[in-house]
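The values are calculated or read from the model by the stated rules, or taken from the named source; none is laboratory data. Quantities reported herein were computed from a predicted structural model and do not represent experimental measurements. Backbone-built Cβ (ideal geometry, glycine too); neighbour counts: all protein chains shown.
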Amino acid sequence: MTKFLFVTDLDHTFVGDDQALLELSDRLQRHRAEYGTKIVYSTGRSPTLYQELQLQKNLFSPDALVLSVGTEIYLDGSNNPDPQWSSILSQGWDSQKILSITEQFPELVLQPDTEQRPFKVSFFLKAELSGILPQLESELQKTKLNIKLIYSSGIDLDILPLTSDKGQAMQFLRQKWEFAAEQTVVCGDSGNDIALFAVGRERGIIVGNARPELIQWHNQNPADYRYLAQNRCAAGIMEGLTYFGFLE
Ligand SMILES: [Mg+2]
């Protein structure tokens, strides 16, 4: 056994099967103590919503926390986002300009204040109204900002800096800690996790309960370094970690 970089989405991936979560948490913490494995939670949740989940499920402390869809990285339990990452994201970002466009679309419902972050503007957009996305995208492009749209789970629309997503945040940490792609494993279940799987040749685990948008993407982009698990959530992760030889 050797150390690896473990990066996981939380909702419906790491979290969702309490029994399996306990077992996986225990195995990962032992691996970290024994081999120096690094553990990263990567979630669309804001700090407020992460803290709720952390308390509710008694999640152990990771080595880094990637919040708000990759726009904030917290290292070693710090309460302040990593300034190096923030400065990368700040180029070509202007949330006021974004809001001046989005307010012309009544289909977009702003998410609560806690979900509006320094580098993320978030809306609810019902799946049946998502046909507006191409038009919204073309209006936003006219601003010449460096931004992108991520639509996830048939309800969440995030507007983010172009240089930010779970995948690029993961690679920032991977390079910082000097892990090869082959020593890195990423896990997810939904649309905003595609960035984790698509960015490079990191080992990927798609849990058995993954959403249709991710399964569809996987079927269209098959790769031998990606594994579609049979089992749900943390049980699917353990299945994948065993498949790749990271766990016995
Ligand atoms: Mg998820």
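Answer with yes or no whether E139 is over 25 Å from Q91 (Cβ atoms), of a type in the set (D, E) and out of contact with any Cys (no Cβ under 8 Å at 6 or more places or on another chain). So E139 fails the test.
When G16, G70, G36 are checked against the criterion of being at pLDDT below 95 and small (G, A, S), G70 stands alone in meeting it.
Total residues in the range 35-66 satisfying the condition of being of a type in the set (D, E, K, R) and more than 14 Å from F6 (Cβ to Cβ): the figure is 3. The residues of the range 1-13 that are in contact with a helix residue (DSSP H, G or I) (Cβ under 7 Å, 6 or more places away or on another chain) and within 16 Å of the ligand (Cβ to nearest atom), listed by number, are F6, V7, T8, D9, L10, H12, T13. Among the residues making up the range 65-107, a single one is farther than 19 Å from K166 by Cα and aromatic (F, W, Y): F105.
Does G16 satisfy the condition of being within 16 Å of the ligand (Cβ to nearest atom), in contact (Cβ under 8 Å) with a residue 40 or more places away in the chain, surrounded by 20 or more Cβ atoms within 10 Å (Cβ to Cβ) and in the same structural domain as N209 (by TED's automatic domain parsing)? Here the answer is no, as G16 does not meet what is asked. Scanning the range 215-244 for residues that are surrounded by 18 or more Cβ atoms within 10 Å (Cβ to Cβ) and assigned to a helix (DSSP H, G or I) turns up H218, C233, A234, A235, G236, I237, M238, E239, G240, L241. All of E182, E202 fail the test of being away from the ligand (no atom under 15 Å from the Cβ) and under 18 Å from Y41 (Cβ atoms), apart from E202.
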